[in-house]
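The values are calculated or read from the model by the stated rules, or taken from the named source; none is laboratory data. No experiment lies behind these values; they were computed from the predicted model shown. Please note: Cβ atoms are built from the backbone with ideal geometry, for glycine as well, and neighbour counts cover all protein chains shown. These area figures cover heavy atoms from the full protein model, side chains too; ligands, DNA and RNA do not enter into them. Shrake-Rupley method; radii C 1.70, N 1.55, O 1.52, S 1.80 Å.
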Amino acid sequence: MKNSLKIIFLILTLSSCRTETGKESVELKSDLKKEIKQEQKTELTDFTIAEIDSLFDNGILTKKFYPNMSYCGGGLDGYYYKDELKLIDSKYGAELGFSSKKIYWKGDEILKIKYREYFAEWGKYEKNYPPDKVEYDPSKMTYSDTIYESNSLNKYEFKKMAENKVVSIIVDSTLMKRLTDCGKRMKTELESINE
């Protein structure tokens, strides 16, 4: 909205710029047209994470499905705005759980990673219900649900959340390296669809 108002202001300024010689007016109009075009280009490609979410929620992004299992992501979808990747959404499912990754892009730069792990807590279950004494009962199984978020827009931020509470803000550099490498690999896998 702010950029739209700026463009309208520039157009109004452009139409009200007149000089006696006429030559300065033409040069001024040319400069303003370049600035308007640059504003429009920025407005249409440099989205914030919230704007990418909004485009996704409103069905404006174009979905491309990777036909194979991704090496590190499982089922893989890429979401594009005018042939530019904006969002990767992947899910790897197992019998008693899953992991998912949402990765936001600006060109070749990762803006944000949201990684979720939802898995059965076998250790807890076997401690409370030893397999040699009790028959397996899936209704007694507990699950861990952990979300990791990394935002690299203005400063690097990291959150580990469980049960909607932040449990750690200490960066797990090994996990972040693995997720970043996986994100780049998934981007390459999606790019191979068009080759």
So residue 19 clears everything in (1) among the polar types (S, T, N, Q); (2) part of a helix (DSSP H, G or I); (3) modelled with pLDDT under 50 except one condition, right? Which one? (2)
Which numbered condition residue 125 fails, given (1) out of contact with any helix residue (DSSP H, G or I) (no Cβ under 8 Å at 6 or more places or on another chain); (2) without any contact (Cβ under 8 Å) to a residue 40 or more places away in the chain: (1)
May I ask you to list the residues in segment 80-97 that are touching a residue at least 24 places away in the same chain (Cβ under 8 Å) and either open to solvent by 50 Å² or more (accessible area, probe 1.4 Å) or not polar (S, T, N, Q) (or both)? 81, 82, 84, 85, 86, 87, 88, 94, 96, 97
Inside segment 63-133, counting only strands (runs of 3 or more DSSP E) that do not spill past its ends, which hold 1 or more residues that are of a type in the set (S, T, N, Q)? 84-94, 97-106
